[in-house]
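The values are calculated or read from the model by the stated rules, or taken from the named source; none is laboratory data. Computed from a predicted structure; not experimentally measured. Note that each Cβ is placed from the backbone with ideal geometry, even for glycine, and that neighbours are counted across all protein chains shown.
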Amino acid sequence: MKLGLKGKNAIVTGGATGLGKAIVLALTREGVNVAFSIHKSTSTVDELLTQINNEHKGIAYALNADLSDVDSTKKFFDEAHEKLGQIDILVNNAGIWLSGYVKEIEPSAWDLQLAINLRAPFLLCQKFANAAEKEGHGGHVLNVTSQAAYYGSTTGHAHYAASKAGLIAFNASFAREEAKKGINSNNICIGIMHTRMIEKNLEKDKNYYVNRIPIGRVAEPEENSQVAAFLVSDACSYMTGATIDATGGMLMH
């Protein structure tokens, strides 16, 4: 299947590690030029950029951004726009997974969780839609959400679950508003995946997580990145407002 991605320009948040990194690699292999957000430059980021720019069809830029800050988030979009030109694809991947049971969560932790996981995607969708309308083009948005949006958390992550549920509801409204303007906006719903975010929990009690997955194993970021690439491609031109289950059967909805 031809995805029609070659020559497109994309923004990906949290593109240095985990699923974000896998999405950046999947897109640049298809010939997409990508600007992705990072917290700070490291040798690992430099190696990733070298790999992409030497081996892939697309080029990549790593831009510093603090997605918990409104001005920094907006500046990140503007810098990416300046580097790439027209933005065709936005992937809201970055997220944090703070711990704490409801009786223990500090308001500051609640605010930080929602600032990065929900407010930053809102701000970037807003910037993306305004730029697309001004420039006269459509595009694709993909938000990374979680099975916790549906099931909640049993291990002390209520604020994370709330942020991911909010992202699904926000996307439904955004997709409705922008559908006739040529912007398709969908979600990919992730289950348990091998990333730095959850590795300590998996080391502590892997069976607790694996036993919840009908497929019987933890996902690799590369598997879900292929789904993500498909969802931001021309092959999905008639899909918007959808949440695609990539949880290994944890949802089945």
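With the structure loaded, tell me whether Ala132 is touching a residue at least 40 places away in the same chain (Cβ under 8 Å), assigned to a helix (DSSP H, G or I), in contact with a strand residue (DSSP E or B) (Cβ under 6 Å, 6 or more places away or on another chain) and surrounded by 15 or more Cβ atoms within 10 Å (Cβ to Cβ) or whether it fails that test.
Considered against the rule, which asks whether it is touching a residue at least 40 places away in the same chain (Cβ under 8 Å), assigned to a helix (DSSP H, G or I), in contact with a strand residue (DSSP E or B) (Cβ under 6 Å, 6 or more places away or on another chain) and surrounded by 15 or more Cβ atoms within 10 Å (Cβ to Cβ), Ala132 comes out as yes.
With respect to Val70, determine if the residue is surrounded by 24 or more Cβ atoms within 10 Å (Cβ to Cβ) and of a type in the set (A, V, I, L, M, F, W, C).
When the stated conditions are applied, Val70 does not pass them.
Out of the helices (runs of 4 or more DSSP H) lying entirely within segment 15-120, which hold 3 or more residues that are among the small types (Gly, Ala, Ser)?
18-29
Between a first residue in segment 192-205 that is under 18 Å from Thr17 (Cα atoms) and part of a helix (DSSP H, G or I) and a second residue that is of a type outside the set (S, T, N, Q) and at pLDDT 70 or above, which pairs have beta carbons less than 8 Å apart while being 6 or more apart in sequence or on different chains?
Partner pairs satisfying both residue conditions: Asn201/Tyr209; Leu202/Ile192; Leu202/His194; Leu202/Tyr209; Leu202/Val218.
Within the group Gly156, Gly166, Gly248, which residue is surrounded by fewer than 17 Cβ atoms within 10 Å (Cβ to Cβ) and at pLDDT 90 or above?
Gly156
Consider only pairs whose beta carbons are under 7 Å apart and that are at least six residues apart or on different chains; among these, list those whose first residue lies in segment 93-104 and is farther than 15 Å from Gly152 by Cβ and at pLDDT 95 or above and whose second residue is of a type in the set (S, T, N, Q) and assigned to a loop (DSSP other than H, G, I, E, B).
Asn93/Thr13; Ala94/Thr13
Among the numbered conditions (1) within 28 Å of Gly136 (Cβ to Cβ); (2) more than 16 Å from the chain's Cα centre (by Cα), tell me where Thr28 comes up short.
Condition (2) is where Thr28 drops out.
Suppose we filter Leu63, Leu25, Leu49, Leu5 for residues that are hydrophobic (A, V, I, L, M, F, W, C) and either at pLDDT below 95 or farther than 22 Å from Val144 by Cα (or both); which single one remains?
The unique qualifying residue is Leu49.
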